[in-house]
């Protein structure tokens, strides 16, 4: 940086900073060398704007679907949560998912093919060795699969 440019930069910076707290000093004019274009005028930066992040919607927990009915009443809370998780995963992925509870209950969920924005599914649960079966439906809601019943 040439000495003239440095002096100009310091003068402009001093004037800018001084304007914040006291009257500005008289402007000083410096001649730039003939072969070098004048440095662009410095302007104070605009105050930074803080943008609030858009409110993220908290994803809803998977719905119980068929597990709200008689088929799910014999399950304890942990087994029921395992079954609900497998049910949601199966309808979302389109592949069969199995689960095993902590008290010996187990089951599997078989999703059907997509039919528009929905698909049917079958949930087969074994409680005390006895099979129980229920059918339900899941549909896409804003791109995510949600159990309807």
Sole exception among (1) in contact with a strand residue (DSSP E or B) (Cβ under 8 Å, 6 or more places away or on another chain); (2) closer than 13 Å to residue 65 by Cα for residue 81, by number: (1)
So residue 63, is it touching a strand residue (DSSP E or B) at 6+ places or on another chain (Cβ under 6 Å), in a loop (DSSP other than H, G, I, E, B), at pLDDT below 75 and on the phi < 0 side of the Ramachandran plot: yes
In region 88-102, residue surrounded by the fewest Cβ atoms within 10 Å (Cβ to Cβ) [restricted to those that are more than 19 Å from residue 69 (Cβ to Cβ) and touching a helix residue (DSSP H, G or I) at 6+ places or on another chain (Cβ under 6 Å)]: 102
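The values are calculated or read from the model by the stated rules, or taken from the named source; none is laboratory data. Predicted model only: the values in this text are computed from it and were never measured. Reconstructed Cβ throughout: ideal geometry from the backbone, glycine too, with neighbour counts over all protein chains shown.
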